[in-house]
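Asker: One structure, pasted below without further comment.
The values are calculated or read from the model by the stated rules, or taken from the named source; none is laboratory data. From a predicted model like this one, the values you see are computed outputs, not experimental measurements. A quick note on method: Cβ atoms are made from the backbone with ideal geometry, for glycine too, and the neighbour counts reach across all protein chains shown. Just so you know, the surface numbers come from the protein's heavy atoms only, side chains and all, with ligands and any DNA or RNA stripped out. Shrake-Rupley method; radii C 1.70, N 1.55, O 1.52, S 1.80 Å.
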Amino acid sequence: MATVESIIPGLLMARLAELVLSPPLPVAWPDVPFTPPAGSYIEATFMPNTNVNLFVGNDATTQHQGILQVTVVSKAGGGIVAPMEIAGQVVAHFAKGIRVSGQGVTVRVSAKPSVARPLQDADRIRVPVTILYDCFAR
């Protein structure tokens, strides 16, 4: 039987896989071999945070919370408008209140995702989108 610790990232990654972009962009999944293309792509990073035990009982539900960070990566020199548009589409896809469920677990996007300022690498521009989630499970 799968644990909540593996179900949560699985549900969030499955939701990201459903994102339809035109043109489609490859995704760099956590700990999966990936060769960055010459053009744009998306990078997924799963960052669980400290659990919160809101109730006293030893068998009570725990609040699992954390961040799914989705970074839009584009070639440098093309401006910020196109990658910011893709970031906006990620925000819409993970709108506040979206719930994804499976294997008896429901994960909720707990706030509107935030788009950070574009970060400049030597040959790339990176636009991080921070998606906060929570899940009440044992």
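Asker: How much of the accessible area of the range 42-138, in percent, comes from carbon and sulfur atoms when a 1.4 Å probe is used?
Answerer: 52 percent
Asker: Going through the range 32-138, which chymotrypsin sites (Phe, Trp or Tyr not before Pro) have at most 14 other Cβ atoms within 10 Å and a DSSP loop state?
Answerer: Sparse-neighbourhood loop chymotrypsin sites (Phe, Trp or Tyr not before Pro): Phe34, Phe55.
Asker: Another question, then. Can you tell me the accessible area per residue over the range 30-83, all protein chains present, probe 1.4 angstrom, in square angstrom?
Answerer: Ligands and nucleic acids excluded, the result is 60 Å² per residue.
Asker: Which one, Thr45, Thr62, Thr106, has the greatest fluctuation when you compute a Gaussian network model over the chain with C-alpha springs under 10 angstrom?
Answerer: Among Thr45, Thr62, Thr106, the largest mean-square fluctuation in the Gaussian network model of the chain belongs to Thr62.
Asker: Have a look at Val100, Val20, Val32 and tell me which one the Gaussian network model of the chain (Cα, springs below 10 Å) gives the largest fluctuation.
Answerer: In the Gaussian network model the winner is Val32.
Asker: Sticking with the crude label model, points 7 Å out along Cα→Cβ, report the distance from Thr61 to Asn49 in nm, one decimal please.
Answerer: Taking the two extended label points, one gets 1.9 nm.
Asker: Compute the orientation-averaged projected area for the range 55-103 from the convex hull of its Cα atoms and round it to one decimal in nm². Don't skip to the answer; put the middle values down first.
Answerer: Values: hull surface 22.6 nm².
Its average projected convex-hull area is 5.7 nm².
Asker: So, one more: At a 1.4 Å probe radius, which order do Asp31, Asp121, Asp59, Asp134 fall into by accessible area, largest first?
Answerer: Accessible-area ranking of Asp31, Asp121, Asp59, Asp134, largest first: Asp31, Asp59, Asp121, Asp134.
Asker: Let me ask another. Write down, largest first, the equivalent ellipsoid semi-axes of the chain in whole Å, where each equals the square root of 5 times an eigenvalue of the alpha-carbon gyration tensor.
Answerer: Three semi-axes, in Å: 31, 14, 13.
Asker: Here's something else I'd like to know. As an exercise, identify the GluC sites (Glu not before Pro) in the range 11-105 lying in DSSP coil whose Cβ has no more than 11 other Cβ atoms within 10 Å.
Answerer: Passing both the DSSP loop test and the Cβ count: Glu18.
Asker: Under the rule of at least 5 residues apart or a separate chain, name every residue whose amide H is placed under 5 Å from the amide H of Thr62.
Answerer: When sequence neighbours closer than 5 places are left aside, the close amide H contacts are Ala137, Arg138.
Asker: Tell me, what HN-Hα J-couplings in whole Hz come from the Karplus equation 6.51 cos²θ - 1.76 cosθ + 1.60 at θ = phi - 60° for each residue of the range 31-42, using x for Gly and Pro?
Answerer: 6, 10, x, 8, 9, x, x, 5, x, 7, 7, 10
Asker: At R0 = 22 Å, how high is the FRET efficiency between Val32 and Arg117 if r is their beta carbon distance? Nearest 0.05 is fine.
Answerer: 0.20
Asker: Here is a further query. Please work out the FRET efficiency for the pair Ala82 and Ala14, using the Cβ-Cβ distance as r and a Förster radius of 30 Å; give the result to the nearest 0.05.
Answerer: Details: r = 26 Å, r/R0 = 0.87.
Computed FRET efficiency for Ala82 and Ala14 comes out at 0.70.
Asker: Quick check: residue separation of Ile98 and Arg138 times 0.36 nm, minus the Cα distance between them. What number comes out in nm?
Answerer: On the way: separation 40, 0.36 × 40 = 14.40 nm, distance 2.08 nm.
Answer, rounded to one decimal: 12.3 nm.
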